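Undergrad: Before I ask anything, let me first share the structure, which is written out below as structure tokens.
Coordinate-derived values only; no laboratory data. Owing to the predicted nature of the structure, the values given are computational and were not obtained by experimental measurement. Every residue, glycine as well, gets a Cβ built from its backbone with ideal geometry; the counts of neighbours run over all protein chains shown.
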Amino acid sequence: MPKKDTKQGRKQQKQPTADRESKILNIMLNTSILLMALMTDAFSDAFAGMASGMVQAIAAGVEGSEKDPTPDDTIQRIKTEFPKQVITQMLQMKTDMKKQLGEKNDEIKGKISDPKFDAGITIAERYNTGVPNLTNDLDEQSLLTYITLLKANDATCTKMFQELMEWMKTVNE
């Protein structure tokens, strides 16, 4: 007589798998990096605008004197240097966060075994943004593409990002 399966009818808690774990960690890592990069970029834009006004005010105060570099050159330099700094900071954040995740691997595995983490995978994989999913270990180009889409208020990308932010709140409760 075959053995009766006693597990039928009981809801099993999903056990973490390497694929599931990496997807969850990638979503959290990528979303955090994008959020920080967007905030850094917004601060850079605000600072560049403020610097532009200061340079113009100084230039107006010293009219007629030789200026090297010109205010326009200074403004352009500021605008081109900040994006490079944002990219450098973004990649450094990714490296630092991956290192921290590696150091706390056992602690993290215990926490992400909770089924509520699966919702993040569902959200990230439901949207087609034309960029590799946030469940992947994204390269610099993909991260920059996500930033561009978010800054342009791309409807699909923005909706996904908003849903992921809400999801991240629920897993931190």
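Undergrad: Taking the Cα-to-Cβ direction at residue 166 and at residue 19 and moving 7 Å from each Cα, how far apart do the two end points lie in nm?
TA: 2.8 nm
Undergrad: Take 146, 127 and order them by how many other Cβ atoms sit within 10 Å, fewest up front.
TA: Going from sparsest to densest Cβ surroundings: 127, 146.
Undergrad: For the stretch 101-163, compute the orientation-averaged projected area of the C-alpha convex hull (one quarter of its surface), in nm². Could you put the intermediate results ahead of the total?
TA: Numbers: hull surface 19.8 nm².
The directionally averaged projection comes out at 5.0 nm².
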